[in-house]
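What follows draws every value from the coordinates through simple rules; no lab data is involved. The shown structure was predicted, so the numbers you read here are calculated from the model rather than taken from an experiment. As a convention, Cβ positions derive from the backbone with ideal geometry for all residues, glycine included, and neighbour counts pool all protein chains shown.
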Amino acid sequence: MKKIVVTSISILFYLTMPAQLSVDYGVKAGLNYNGNGNLTIVGTLAGLNEKISSENEIGYQLGFYTQVNFTKIFIRPELILSHTKNSYNNILALSSEFKMTSLEFPVLVGFSVIKPLHLYAGPSLQYIINTKFAPSFDLNIENTIAFKYAIGADIQLHKFTVDLRYTSNISENLASFLDQVPADGAGYFIETKSNQLILSFAYQLN
């Protein structure tokens with residue numbers, strides 16, 4: 001009798017699983033409104049220690065996603081190529097840009113509120129590919145791997161998704177370079193901990 005019950009439950013689970021679970025995948029693209037930390041200039045002349053705030057600018061991102069759908073909950077891992085930038089003014093009376101390119105791997109868990117609205121949150125792993133301080137400085141990044149978190153909402157309509165999310169770094173990270181004027185010998189440090197507001201659009205391929 002026990003074997004019959006176990007077998008019946010197993011068959012029932014197998015038959016109902018396709019209705020409870022589905023997997024989607026697709027592509028996505030969007031714009032990010034990014035803000036990094038301060039630019040700090042530390043010099044040997046007159047004890048220079050100046051902090052300059054960043055000005056937010058718009059970057060872009062491209063990527064792929066897979067979404068595992070349960071009845072009310074979904075799990076969505078993504079692979080995203082992200083390009084962000086910020087500007088810093090009043091450096092030698094000029095405006096300079098800090099640019100960063102990275103790969104990001106968020107794993108999001110979401111749930112349906114009211115169709116077609118969903119809320120989600122999750123951790124994200126960031127691998128920094130390149131950093132540059134325009135016009136011509138290459139930067140040394142303290143940690144090329146950083147941990148982030150994301151929280152947001154999306155609207156899923158058939159094969160299209162509109163997504164709005166906020167992401168931020170969990171820990172601090174610094175990018176640095178040396179002034180090219182030997183007499184100065186100043187050090188420049190940029191806090192790369194970012195706060196982003198991201199608007200993206202996705203299209204389901206299957």
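Quick notes on this structure:
- Sorting 107-117, 52-62 by their mean Cβ neighbour count within 10 Å, with the most densely packed peptide first, gives 52-62, 107-117.
- In summary, the lysines within cross-link reach of residue 85, defined as a Cα separation below 27 angstrom excluding same-chain residues under 8 places away, comprise 28, 51, 99, 132, 148, 193.
- Sorted fewest first by neighbouring Cβ atoms within 10 angstrom, 65, 25 come out as 25, 65.
- Two-site label geometry, residue 127 and residue 22: point separation in nm, points 7 Å out along Cα→Cβ: 3.2 nm
- Separation in nanometres of the label points that stand 7 Å from Cα toward Cβ, at residue 79 and residue 99: 2.4 nm
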